[in-house]
Every structure is written in structure tokens, then in C-alpha cells.
1. Can you tell me which residues in the stretch 15-42 are among the charged types (D, E, K, R) and outside any loop (DSSP other than H, G, I, E, B)?
2. Can you run down the residue pairs with Cβ atoms below 7 Å, 6 or more apart or on separate chains, where the first is in the stretch 40-64 and within 14 Å of PHE74 (Cβ to Cβ) and modelled with pLDDT of 95 or more and the partner is of a type in the set (D, E, K, R) and open to solvent by 100 Å² or more (accessible area, probe 1.4 Å)?
3. When only residues in the stretch 43-98 that are part of a loop (DSSP other than H, G, I, E, B), touching a strand residue (DSSP E or B) at 6+ places or on another chain (Cβ under 9 Å) and hydrophobic (A, V, I, L, M, F, W, C) count, which is most open to solvent (accessible area, probe 1.4 Å)?
4. Take the stretch 10-29 and flag every residue that is closer than 14 Å to LEU138 by Cα, open to solvent by 50 Å² or more (accessible area, probe 1.4 Å) and in contact with a helix residue (DSSP H, G or I) (Cβ under 8 Å, 6 or more places away or on another chain).
5. Take the conditions among the basic types (Lys, Arg) and open to solvent by less than 90 Å² (accessible area, probe 1.4 Å) and apply them to ARG139. Does it pass?
Amino acid sequence: MTMDEIISFVDGLDGVLTLRPAPGDDTPEISWGDTFFFYAPDRVPPTTTQPFATIVTKNYPGDDASRLDRADTFRVNINAGKDAFVRWTGHAPREPATREGDPSAADTVIAHPVYGALGWLAVVNPGPRTAAATRELLRAAHHLARSRHERRAAPTP
């Protein structure tokens, strides 16, 4: 899967706002080239919620285990929920892992190297082994983000 294929897939889900920071748009330079997916049916960038998924193209401070400094390497980060996290990792987000794979291995679903304790999953360069799983996890993350949005928007009795 290419970054463009992933972006196109997520853009096709209802209510998605895709942000792609670039020079001149008042975003931090470190975020340029990355992609952030929010559930925002009003098309207004949320200020109080995190994206439900991201694509990062470089190492961030404290987040270099995936070795995104290699040519043509990116990582999809997905907040697909606790159930998906347990299904893919074999443990709850805050529990210690009994086995963890190489966070730089391509085409493998792993606990996010930094945000795994918060239930995030990650895939470096999704390929044939993880393309379907990546789409499934992105759909699940979108569904959870939409549900959270709807709960917050519901009138209180």
C-alpha cells in the first residue's frame, strides 16, 4: 500500500477531515509531509481531540524505533481501540508485552512503539500481509472516532 492509497481509502470514509501539513500553513515544520485523520463532519479541524489515525514519514523526538529515516519508509498509526489492540498484540494496552516484534519491521501490525500503552497500533510500510488488516483497523478507528463525536454532540437531558 502506498501513502496515497491509504489517504484515498480513509478520505472515502464519511466525515473524515484529512490534514496534510506543509510549508506556509502555520503548522510545525516537523509535521510537514505527515498526514492526520480526524472525524470532523463539519470540516473544522478539532482542537480538543486527537486524530484517529496518522501517517508519519520521519522520526520524531523520542520516537525513532521504527527507523523512519530510511528511504521510502512511513508508518501508519491507528487508534483502533482496546479490542483490536488485544487481538493484534495478545495483551491489553497497559499490560507488559510478553513478546514484541521489531518496531522497524515492514508489513507487520505492532503496538505503537511510543503510544502502544494508550492502545495505538502501527504498521511500517503496509504491504501484502497487512493491507486488509490496515484497512480493517482504519475502519475500526474511524467508527470509534465517529461514536465519540456523536456522544459529545448529543444533547444532555
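The values are calculated or read from the model by the stated rules, or taken from the named source; none is laboratory data. These numbers come from a predicted model, not from an experiment. Cβ sites come from the backbone with ideal geometry, for glycine too, and all protein chains shown count toward neighbours. All accessible areas refer to the heavy atoms of the entire protein, side chains included, with ligands and DNA or RNA removed. Shrake-Rupley method; radii C 1.70, N 1.55, O 1.52, S 1.80 Å.
1. Going through the stretch 15-42, the residues among the charged types (D, E, K, R) turn out to be 20, 25-26, 29, 34, 42.
The answer is GLU29, and nothing else.
2. Once the first residue is within 14 Å of PHE74 (Cβ to Cβ) and modelled with pLDDT of 95 or more and sits in the stretch 40-64, its partners that are of a type in the set (D, E, K, R) and open to solvent by 100 Å² or more (accessible area, probe 1.4 Å) give LYS58/ASP69; ASN59/ASP69.
3. Here the answer is VAL44.
4. Of everything in the stretch 10-29, just one residue is closer than 14 Å to LEU138 by Cα, open to solvent by 50 Å² or more (accessible area, probe 1.4 Å) and in contact with a helix residue (DSSP H, G or I) (Cβ under 8 Å, 6 or more places away or on another chain), namely ASP14.
5. Numbers: among the basic types (Lys, Arg): yes; open to solvent by less than 90 Å² (accessible area, probe 1.4 Å): no.
No; evaluated as a whole, the condition is false for this residue.
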